[in-house]
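Here the structure comes first, spelled out in structure tokens, and everything after it is commentary.
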Amino acid sequence: MTSLPEDPPPLFSEDDRDTAVQRVQEAYAEGHISHEEMDERLHQVLTAKTHSELVPVLASLPEEKAGTASTIAAASGRIKRRGAWRVPRILKVASAFGRVYLDLSRAVIEHPVVDIELQLGTGRAKITVPRDAIVDLDDLHTGWKDTVYKTRRRSRPGGPRIRISGTMGFGRLKIRHARR
């Protein structure tokens, strides 16, 4: 009897690596680990190739801060966020009937990656992202109309990655970069 070949360990994305780096840095900033330990753990995170190599590095660290996920929901009407508001790591937006407007151009974005999960029935959605943001729409499913988004030709490195996912029924999502 022959043994089955083992599956290779799953690789992880740069976003996962960024999240691990941020957890190590937060643990140091909050006094949970020493400077030397932070350097050692950051080296391990940056050289890791699989999730299993990250487990021992992150195991003794405090969990991610509470409040890194938030939900905004409305059965009907308008959902609107603009100005200087704090964007959580994961933002879930649910609306059965109505419009959604999220302006991230002046928002406080503390995370290198922000996930916005849309669950929209009917109505339009408009999202304004920072000028240097990178937008990822791969996991967004639209039912009736396509998404309107033109990728920026030139973007400066260091901007946040905005990943938009979820489902939209009857409506259109329009995404634009802030002009300033």
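The values are calculated or read from the model by the stated rules, or taken from the named source; none is laboratory data. Since we're looking at a predicted model, the values are computed, not measured. Every residue, glycine among them, receives a Cβ derived from its backbone with ideal geometry; neighbour counts consider all protein chains shown. These accessible areas exclude ligands, DNA and RNA; they are computed on the full protein's heavy atoms, side chains included. Shrake-Rupley method; radii C 1.70, N 1.55, O 1.52, S 1.80 Å.
In the Gaussian network model of the chain, springs joining C-alpha atoms below 10 Å, which of G123, G166, G83 carries the largest mean-square fluctuation?
G83
Let's test the formula: R0 of 41 Å, r as the Cβ-Cβ distance of S76 and D132. What FRET efficiency results, to the nearest 0.05?
0.75
List the residues whose amide H sits under 5 Å from the amide H of E117, counting only those 5 or more places along or on another chain, with H placed 1.01 Å from N in the peptide plane.
Under 5 Å from the amide H of E117: L91, K92, V93, S165.
Between Y101 and Q44, what is the FRET efficiency for a Förster distance of 45 Å, r being their Cβ-Cβ separation, to the nearest 0.05?
Working from the Cβ atoms, E equals 0.60.
In whole percent, how big is the carbon plus sulfur part of the accessible area of segment 70-110, probe 1.4 Å, protein atoms only?
With neighbouring chains kept in place, the figure for segment 70-110 is 47 percent.
Placing +1 at every Lys and Arg Cβ and -1 at every Asp and Glu Cβ, with all other atoms neutral, what dipole size does the chain have around its Cα centre, in debye to the nearest 20?
2140 debye
Karplus couplings for segment 166-176 from phi (6.51 cos²θ - 1.76 cosθ + 1.60, θ = phi - 60°), rounded to Hz, Gly and Pro as x?
Along segment 166-176, the couplings run x, 9, 10, x, 9, x, 10, 9, 10, 10, 9 Hz.
Under a 5 Å amide H to amide H cut-off, with H placed in plane at 1.01 Å, what residues pair with A178 once short-range neighbours are removed?
Hits under the 5 Å cutoff: V129, R131.
Once a ≥ b ≥ c are taken as the square roots of the eigenvalues of the Cα gyration tensor of segment 64-112, is the result rounded (a/c under 1.5), prolate (a/b larger than b/c) or oblate (a/b not larger than b/c)?
Note, shape of segment 64-112 comes out oblate.
How large is the accessible surface per residue of the chain, computed with a 1.4 Å probe and reported in Å² as a whole number?
Result: 64 Å² per residue.
Please list the three semi-axes, largest first and in whole Å, of the ellipsoid equivalent to segment 54-180, using sqrt of 5 times the eigenvalues of its alpha carbon gyration tensor.
Equivalent-ellipsoid dimensions as semi-axes: 25, 19, 14 Å.
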